[in-house]
Amino acid sequence: MLSFAGAASSSPSNVVAITPVRILDTRDPLNVGLAGPFVSAVAQDLKVTGNIPTSTGNQIVVPDGATAVLLNVTSVSSTAEGFISVRPADAPGAPTTSSLNFGVGETTPNAVTVAVPVSGVDAGKIEIVYDALGNAGPRTEILVDVVGYTIATTTTSPFAVVDQNGLLSRGVGVVSVAPIPGVPLGDYAVVFNRDITNCVYQATVGRPAVSVGPPIGFAMVANWQDDPDNGVVVFIKDQTGAGQDRALHLTVTC
């Protein structure tokens, strides 16, 4: 059964499916995401966007700005029957709906889609509550795997303005920017929050920090082999063809 949870309707969004990643495992000695077990009926907030702990180390599973997450939620070793409610972290009051129901000691999974706040103190967080049918004290372990997320539909094309140190000055839809490890000068990896495989890329080169006048050199763009769906590499060269750290403007047209 697919369960939906949300405090209010979000803007139209595109679904991005991903390889499942575990972002919550309260079992000792793992304690991924949050320490466990969950106690009835104590709510805990779990951060799901940006750089977060996972079962394979810290990583960005869901980019900042995602409007919802698609999850598999599992209860394990509950000491009393009850339910788990998953909802946006900014939802008011006590939960009034369940995302999955289970008996004593059962291992019970369910698919859950929940909206994610995109602004305010609760941005990027969801709330999880185990309720033992109104009884305080019982406990359960909880596992959460992310299988996808949604990003608000936008008519603005992705772009990035990057300084010569590889830092993002401004942009739309940019997840990360970084110089390529092991390359001395001029190669930058730019990762967006959407599939840009079938898009067109264009990059222009900026000036070195100590230079004045129009920039001299050229830029080349290619898909990044480490993230061929969402990432590109920009190669910055001077007039002799040597790599140079320069500011750059990158636009993507889909």
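Return the residue satisfying two criteria in turn: it lies in segment 25-49 and is of a type in the set (A, V, I, L, M, F, W, C) and within 20 Å of Gly148 (Cα to Cα), and of such residues it is farthest from the chain's Cα centre (by Cα). Let's see the steps before the verdict.
Step one: of segment 25-49, the residues of a type in the set (A, V, I, L, M, F, W, C) are 30, 32, 34-35, 38-39, 41-43, 46, 48.
When the remaining residues are screened for being within 20 Å of Gly148 (Cα to Cα), the result is 32, 46, 48.
Values: Val32: 16, Leu46: 13, Val48: 7 Å.
My answer is Val32.
Of all residues being exposed (fewer than 15 other Cβ atoms within 10 Å of the Cβ) and either touching a Cys at 6+ places or on another chain (Cβ under 6 Å) or more than 30 Å from Gly137 (Cβ to Cβ) (or both) in segment 13-43, which is modelled with the lowest pLDDT? Just the residue, please.
So in segment 13-43, the residues exposed (fewer than 15 other Cβ atoms within 10 Å of the Cβ) come out as 14-15, 17-20, 27-29, 31, 35, 42.
Going one step further and asking which of them are either touching a Cys at 6+ places or on another chain (Cβ under 6 Å) or more than 30 Å from Gly137 (Cβ to Cβ) (or both), we end up with 14-15, 17-20.
Details: Asn14: 81, Val15: 88, Ala17: 89, Ile18: 92, Thr19: 92, Pro20: 96.
If we take residues in segment 13-43 being exposed (fewer than 15 other Cβ atoms within 10 Å of the Cβ) and either touching a Cys at 6+ places or on another chain (Cβ under 6 Å) or more than 30 Å from Gly137 (Cβ to Cβ) (or both), then Asn14 is modelled with the lowest pLDDT.
Hey, can you tell me all the residues within segment 185-195 that are among the hydrophobic types (A, V, I, L, M, F, W, C) and modelled with pLDDT under 90?
Result: Leu185, single match.
Can you give me the number of residues within segment 126-160 that are surrounded by 21 or more Cβ atoms within 10 Å (Cβ to Cβ) and more than 30 Å from Thr96 (Cα to Cα)?
Number satisfying all stated conditions: 2.
Which numbered condition in (1) under 20 Å from the mean Cα position of the chain (by Cα); (2) touching a residue at least 40 places away in the same chain (Cβ under 8 Å) is the only one that Ile52 fails?
Only one criterion in (1) under 20 Å from the mean Cα position of the chain (by Cα); (2) touching a residue at least 40 places away in the same chain (Cβ under 8 Å) is unmet by Ile52, namely (2).
Could you look through segment 161-184, keep only residues that are assigned to a loop (DSSP other than H, G, I, E, B) and surrounded by 16 or more Cβ atoms within 10 Å (Cβ to Cβ), and pick out the one that is nearest to the chain's Cα centre (by Cα)?
Ranking the qualifying residues of segment 161-184, first place goes to Gly173.
For segment 138-160, name all the residues that are touching a Phe, Trp or Tyr at 6+ places or on another chain (Cβ under 9 Å) and part of a strand (DSSP E or B).
Answer for segment 138-160, where residues must be touching a Phe, Trp or Tyr at 6+ places or on another chain (Cβ under 9 Å) and part of a strand (DSSP E or B): Arg139, Thr140, Glu141, Ile142, Ala160.
With segment 57-137 as the region, which strands (runs of 3 or more DSSP E) entirely inside it contain at least 3 residues that are over 13 Å from Lys47 (Cβ atoms), touching an Asp or Glu at 6+ places or on another chain (Cβ under 9 Å) and not assigned by TED's automatic domain parsing to the domain that holds Val174?
Counting at least 3 such residues, we get 66-76, 82-88.
Can you name the residue in segment 57-86 that is in contact with a Gly (Cβ under 7 Å, 6 or more places away or on another chain) and at pLDDT 95 or above and, of all such residues, is surrounded by the most Cβ atoms within 10 Å (Cβ to Cβ)?
Of the residues in segment 57-86, the ones in contact with a Gly (Cβ under 7 Å, 6 or more places away or on another chain) are 60, 64, 70, 77-78, 81.
Restricting the remaining residues to those that are at pLDDT 95 or above gives 70, 77-78, 81.
Details: Leu70: 21, Ser77: 15, Ser78: 25, Glu81: 16.
In this case the residue turns out to be Ser78.
Collect the residues in segment 234-243 that are surrounded by 17 or more Cβ atoms within 10 Å (Cβ to Cβ) and either touching a Leu at 6+ places or on another chain (Cβ under 7 Å) or not assigned by TED's automatic domain parsing to the domain that holds Gly182 (or both), keeping them in residue-number order.
Let us first name the residues in segment 234-243 that are surrounded by 17 or more Cβ atoms within 10 Å (Cβ to Cβ), namely 234-238.
Passing the criteria: Val234, Ile236.
Has segment 44-56 got at least one residue that is surrounded by 14 or more Cβ atoms within 10 Å (Cβ to Cβ) and within 22 Å of Gly105 (Cβ to Cβ)?
Checked against the condition, which is being surrounded by 14 or more Cβ atoms within 10 Å (Cβ to Cβ) and within 22 Å of Gly105 (Cβ to Cβ), segment 44-56 yields at least one hit.
Being at pLDDT 95 or above and of a type in the set (A, V, I, L, M, F, W, C) is the filter; apply it to segment 137-166 and report the residue that is farthest from Ser85 (Cα to Cα).
Here the residue is Val147.
Residues in segment 95-110 that are farther than 12 Å from Ile142 by Cα and among the charged types (D, E, K, R): how many?
0
Only residues that are small (Gly, Ala, Ser) and modelled with pLDDT of 85 or more: list them for segment 196-216, please.
The one that is small (Gly, Ala, Ser) and modelled with pLDDT of 85 or more: Ala203.
From the list Gly173, Gly148, which one is touching a strand residue (DSSP E or B) at 6+ places or on another chain (Cβ under 7 Å) and under 18 Å from Asn51 (Cβ atoms)?
Sole residue among the options that is touching a strand residue (DSSP E or B) at 6+ places or on another chain (Cβ under 7 Å) and under 18 Å from Asn51 (Cβ atoms): Gly173.
What number of residues within segment 193-202 are in contact with a Cys (Cβ under 9 Å, 6 or more places away or on another chain) and assigned to a strand (DSSP E or B)?
1
The values are calculated or read from the model by the stated rules, or taken from the named source; none is laboratory data. The shown structure was predicted, so the numbers you read here are calculated from the model rather than taken from an experiment. Reconstructed Cβ throughout: ideal geometry from the backbone, glycine too, with neighbour counts over all protein chains shown.
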